[in-house]
Amino acid sequence: MLTPLVGRERSRPIQIPALGVAATPLRFLDYLIEETQPGAVLGGSGVLVNVPRPGRFALHKLIVAARRGPSGMPKTAKDRAQASELLRVLLSESPGEITLAWKALSRHGRAWVSAATSSLKRMDADLVADLRRLGVGG
C-alpha cells in the first residue's frame, strides 16, 4: 500500500486505521494519482483498476531519478531507462500526453521542473531534442 508523502521525509510506514493497513509514503505520488485512467489486472477473472496516465508516470520517473542519493544509483539508471522508453513510445503514439503531463508537473513548482530537467540532461540528446520541441524541459 502506498500513500502520498506530504511534508518532511520519512521512511517508516504510515498507519491508516480506517483501512487497517500501514502504507509506505511516496514523494510525488500525488502527481501520479491526480489524473488516472482505467486499466485492468489480468489473471483469473481480472480486476478493473485506475492507473496513472503514462505521461505522468514517465515524468514521475524523471523526478524520482533526480532525487535519489548516491546509494540509489542502480535504481536511478533504471528509472531513467523506463522513462526514456515510455517517452519514446509516447512521442510516436501520443505526444499530447507528454505535453499535458509536463503542464501538470509545471504547476507543482520550480523544484519539480528542475528535478525532471536534471534527469533529462542525462538522457539521449535526440530524445531530449524531441521533448524540447514539445516544450518539455526547455
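The values are calculated or read from the model by the stated rules, or taken from the named source; none is laboratory data. Given the structure is predicted, the values throughout are model-derived calculations rather than measurements. All Cβ positions, glycine included, derive from the backbone under ideal geometry; neighbour counts span all protein chains shown.
Can you tell me which of LEU32, LEU2 is touching a helix residue (DSSP H, G or I) at 6+ places or on another chain (Cβ under 7 Å) and closer than 20 Å to LEU100 by Cα? Give the steps one after another, and end with the answer.
Working: LEU2 fails: closer than 20 Å to LEU100 by Cα.
After ruling out the rest, the residue left standing is LEU32.
Identify, please: which residue in region 58-74 is modelled with pLDDT under 90 and closer than 18 Å to PRO25 by Cα and is, among those, surrounded by the fewest Cβ atoms within 10 Å (Cβ to Cβ)? Lay out the reasoning, then the answer.
Step one: list which residues in region 58-74 are modelled with pLDDT under 90, which gives 67-74.
Now restrict to residues that are closer than 18 Å to PRO25 by Cα: 67-69, 72.
Numbers: ARG67: 16, ARG68: 14, GLY69: 7, GLY72: 14.
Going through the qualifying residues, I end up with GLY69.
Looking at region 1-111, what helices (runs of 4 or more DSSP H) fall wholly within it and have at least 1 residues that are within 26 Å of VAL128 (Cα to Cα) and touching a strand residue (DSSP E or B) at 6+ places or on another chain (Cβ under 6 Å)?
Working: elements: 29-33, 54-67, 73-93, 95-106.
Fully inside region 1-111 and qualifying: 29-33.
With the requirement that a residue be of a type in the set (Ser, Thr, Tyr), loosely packed, with under 12 Cβ neighbours inside 10 Å and under 17 Å from LEU32 (Cα atoms), what does region 90-138 give you?
Within region 90-138, no residue meets the criteria.
Mind listing whichever residues of region 96-115 are out of contact with any helix residue (DSSP H, G or I) (no Cβ under 7 Å at 6 or more places or on another chain) and not hydrophobic (A, V, I, L, M, F, W, C)?
GLY96, THR99, LYS103, ARG107, GLY109, ARG110, SER114
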